[in-house]
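Student: There's a structure below that I have some questions on.
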Amino acid sequence: MRKIHPASLLVLLSTAALLGAWFSLTTGPLSVSLHDILRQPDSLQAQVFWELRFPRSATAFMTGALLGIAGALMQVLLRNPLADPYILGISGGASTGALLAIMAGAGTLVLQTSAFAGALLSILLVFSLAHGRGNWDTTRLLLTGVVLAAGWGAIISLLLAISPGTRVQGMLFWLMGDLGFAQSPVPGGIVLLAVTLLAFMLSAALNLLAGGELRAASLGVDTGRLRVAIYLLASLATATAVTQAGNIGFIGLIAPHMLRLAGARDHRVLIPGVVLLGGTLLLFADGLSRLVIAPRQLPVGVLTALLGVPLFLYLLYRSRGIRHG
């Protein structure tokens, strides 16, 4: 893949984000024209736009952006290009909390609160168990997260098995990733802004850590504190994303890879880049999810997986060609 100048890359990504927003806002069973909405603010189209489309599209962008930045941070933390936001079991805790709320017939606000509480519980468990009484290293962190994720998976299977039939469909949609639960994009926007700013402030240290822990330590980086900061930021981004839209795969995995293949290895470019690209990918996926089996809607997580698998394999092929070249 041809390397792109950082400024040109960010301009290109910003343009793609605007196109993705337009596509997501105007796509659906009811045709929505931005011109007509401005001309007739009391029309049915305007109500659909402001009450349904805009919150959903804003949530889609923020969720994709949070997954993108969480994926980039996890790949630096674990020094593993296959790391994604869900690798440490955070999504399992959120899913358990959300399924319990759905079983109880709770509303969207309680569902999202329960999901976030489950994600926080998982974050605390992984952090405390991985640290233990010894040194906290990436191998111990990864093993703890994988084991905890397996435990959450068993609990999720149990909940699905004992749930009433009337609740199972909603539970499955949430597990597959569904933006139909989207309400106010404000909380997600605040978390996205805070995580992006803090990650950008750490970008110089992230560059050093990506080159090796010993090298970073020799240049004055407190790698222990940096790892903790990365874990907390990535966990907060993942918890917020899962709380808003359920489990949406591949966005956090492929967005950093696509940018690195385009030459964005400096985290001062990669951090804002994954925010724009992750949000853009989910905006387009959300729009397509309303078109594939219209008038019914496909869970957006299914679509990101169907598109993400071949795209990731292609990226692996391209990266192989670059290494051999």
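The values are calculated or read from the model by the stated rules, or taken from the named source; none is laboratory data. Predicted, not measured: the structure shown is a model, and the values here were computed from it. We place every Cβ from the backbone using ideal geometry, glycine too, and count neighbours over all the protein chains shown.
Student: Let me spell it out: the conditions are (1) farther than 19 Å from ALA65 by Cα; (2) among the hydrophobic types (A, V, I, L, M, F, W, C); (3) surrounded by 16 or more Cβ atoms within 10 Å (Cβ to Cβ), and ALA199 meets all of them except one. Which number is the exception?
Tutor: Condition (1) is where ALA199 drops out.
Student: Condition test on VAL168, is it under 23 Å from LEU121 (Cβ atoms), β-branched (Val, Ile, Thr) and at pLDDT 85 or above?
Tutor: So VAL168 does not fit the description; no.
Student: Also, quick follow-up: Tally up the residues in the range 275-311 that are touching a Ser or Thr at 6+ places or on another chain (Cβ under 8 Å), in a loop (DSSP other than H, G, I, E, B) and of a type in the set (Gly, Ala, Ser), please.
Tutor: 0
Student: Right, something else. Only one of (1) in a helix (DSSP H, G or I); (2) farther than 25 Å from THR196 by Cα fails for ASP42. Which number is that?
Tutor: Only one criterion is unmet by ASP42, namely (1).
Student: Within the set of pairs 6+ apart or on separate chains, which have a first residue in the range 203-224 that is farther than 18 Å from PRO81 by Cα, a second that is of a type in the set (D, E, K, R) and at pLDDT below 85, and C-beta atoms under 8 Å apart?
Tutor: THR223/GLU213
Student: From the list LEU99, LEU34, LEU67, LEU19, exactly one residue is touching a Leu at 6+ places or on another chain (Cβ under 9 Å), surrounded by 21 or more Cβ atoms within 10 Å (Cβ to Cβ), under 21 Å from PRO185 (Cα atoms) and of a type in the set (A, V, I, L, M). Which is it? Walk me through how you get there before you give the answer.
Tutor: Details: LEU99 fails: under 21 Å from PRO185 (Cα atoms); LEU34 fails: surrounded by 21 or more Cβ atoms within 10 Å (Cβ to Cβ); LEU19 fails: surrounded by 21 or more Cβ atoms within 10 Å (Cβ to Cβ).
Only one candidate qualifies: LEU67.
Student: State yes or no: is VAL48 of a type outside the set (Asp, Glu), within 23 Å of ARG296 (Cβ to Cβ), modelled with pLDDT under 80 and touching a Gly at 6+ places or on another chain (Cβ under 9 Å)?
Tutor: Yes, satisfied.
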